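These notes concern the structure reproduced below.
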Amino acid sequence: MPLLRSNTADKFIVDRRKPHRNSDVARAVRKTRDRLSQQVGNLDFDRELLKLHARAMVGGATAVPLLVLAIAATGLFAGMGKEIGVWALFTLICYTIVAFMARRVERTEASELNPLQTRRDFLIGHSLCGLGWAWFAWLGCPACQVDQFPVIKAMVLLVAMGATAIMASSLGGALLATFAIPVAVYAYAGARLWMPVETIMVGLLVAALPFFAYVARHLNRSSLMLLSFRSEKDALIAEVETAKSMSDEARRRAEDANLAKSRFLASMSHELRTPLNAILGFSEVMANEVLGPMSNPTYRDYAHDVHESGQHLLDLINEILDLSRIEAGRYQLNEEPVILLTVVEDCCHMMELKARNKDIRVVQDFETTLPRLFADERAVRQITLNLLSNAIKFTASGGEIRVRVGWTAGGGQYISVRDNGPGIPEEEIPVVLSAFGQGSIAIKSAEQGTGLGLPIVQGLLAMHGGEFELHSKLREGTEAIAIFPLSRVMEELPALPTKAVVARRR
């Protein structure tokens, strides 16, 4: 099972359970959204639309010229003469000019484009292409033996109009600049003949031009909306990255400050303990009246109070220094082969008197034989004593504490201390596992502690590569389990053969 750790704010710089929000970042995000919603006159969007139009024209540079070549080949085959060839050459030159212009715009950085000049150049190029289509709309074929030649011209213009509406949708007005004159020329030519079929085709072309313009405008709006979403996404990502970098920097500084604090406390061991030893020694001498009796018994009581307070302060300082050394990485493990059963049994004997004073029974449930454990004996003793001390502290008179030592399922070894005390609410377990954290039952208890016992147990087990588990239910008790991994268990070597066995083998 995973190692339980605290998620409270005293252990981590950022408490992820609370929705903290940076007001400056939120304000910048709202400003970005407001700016992006104003699409009219946005030069960045105009440049991006021009780039999209350039890419579309380069990508479809062969579509319309192939159509022109097919029309020219068909006209020559039908007997239109050189006029259709001259028209095809002029139209191909116009589309080539637009293609080279689009290639130049595509290779130019968007920030270096002049939107007004580039848009004007494109519209002029499309107008030249429109002159070519107007020429085609004016062409006649007296020698062509084709009765419905105006209908064929109208169908060709419709196909070219649809292709231009799709390719040039990113440039507003490109469709009208290209086909307004051709439609007008076709309508004028059809009005001269005033034939029913030509009239129908003129009406069809006149109706098709605004329809394709409507389609092109909607495609343009879709492109604009896509650019808006992409720009908003990029802006929001930039804001999030900025906020993340600021948060990481603040977290790094806080961790450096926390590490400096831990190193400071770890280096203050001698400076803090020296005056406390003097206080404890002199107060004990005064309380026991070693140098002579005190005339006022109140002074003797005061000396006892000073000694007890100094002892409590020394225990607190020892725990703080141990935790600080663990967090600062300065706790050195003195690893050696340790018999876990022996260490836990000694700790149970040490806490036996304290348990008897509260009429608490300590039951030992150990495995018969366990191999040695490669660990720090002092750390193992501290782990066991902290768990036993907590169990005795929060178990009522007449209760029972069961201490177990044995194998884990993965081949490691564990220490389990289970009591039948009041238990811990499930939501308070992360608080209890944090530094200086105490549950509601511990706060109401008369024997209040420092809240550093379990964090020290977690730190020492983590240094051994182990895990700590805490299971508790209200009014049923608590079980604390310290697990040492398989890598810490030492294998027993086989016994050496005796002389008689060697002689028998020979």
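The values are calculated or read from the model by the stated rules, or taken from the named source; none is laboratory data. Since the model is a prediction, treat every value here as computed from it, not as a measurement. No Cβ is skipped: glycine too gets one built from the backbone with ideal geometry, and neighbour counts run over all protein chains shown. Remember, those area values only see protein heavy atoms, side chains included, never the ligands or the DNA or RNA. Shrake-Rupley method; radii C 1.70, N 1.55, O 1.52, S 1.80 Å.
Let's see how each residue does on (1) open to solvent by 10 Å² or more (accessible area, probe 1.4 Å); (2) at pLDDT 90 or above:
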{"residue": "Arg404", "(1), (2)": "yes, yes"}
{"residue": "Asn420", "(1), (2)": "yes, no"}
{"residue": "Ile441", "(1), (2)": "yes, no"}
{"residue": "Ser445", "(1), (2)": "yes, no"}
{"residue": "Leu454", "(1), (2)": "yes, no"}
{"residue": "Val457", "(1), (2)": "no, no"}
I'd like to check something: does the range 227-236 contain any residue that is in contact with a helix residue (DSSP H, G or I) (Cβ under 8 Å, 6 or more places away or on another chain), closer than 30 Å to Glu48 by Cβ, of a type in the set (Asp, Glu) and modelled with pLDDT under 80? yes
The correct count of residues that are open to solvent by less than 50 Å² (accessible area, probe 1.4 Å), more than 13 Å from Lys153 (Cα to Cα) and small (Gly, Ala, Ser) in the range 172-194 is 5
Can you list residue pairs whose Cβ atoms sit under 7 Å apart, with the first residue in the range 225-247 being touching a residue at least 40 places away in the same chain (Cβ under 8 Å) and farther than 26 Å from Ser170 by Cα and the second being in a helix (DSSP H, G or I) and of a type outside the set (Val, Ile, Thr)? Count only pairs 6 or more apart in sequence or on different chains. Glu239/Ala28
More than 19 Å from Leu131 (Cβ to Cβ) and of a type in the set (A, V, I, L, M, F, W, C) - does that describe any residue in the range 83-96? no
Restricting the first residue to the range 337-348 and requiring it to be open to solvent by less than 10 Å² (accessible area, probe 1.4 Å), which pairs with a second residue that is among the charged types (D, E, K, R) meet a Cβ separation below 7 Å and a spacing of at least six or different chains? Val338/Arg372; Val338/Glu377; Val343/Glu377; Val343/Arg381; Cys347/Arg381
More than 27 Å from Phe77 (Cα to Cα), modelled with pLDDT of 85 or more and open to solvent by less than 80 Å² (accessible area, probe 1.4 Å), is that true of Glu249? yes
Would a scan of the range 195-216 turn up a residue that is acidic (Asp, Glu), open to solvent by less than 50 Å² (accessible area, probe 1.4 Å) and touching a residue at least 60 places away in the same chain (Cβ under 8 Å)? no
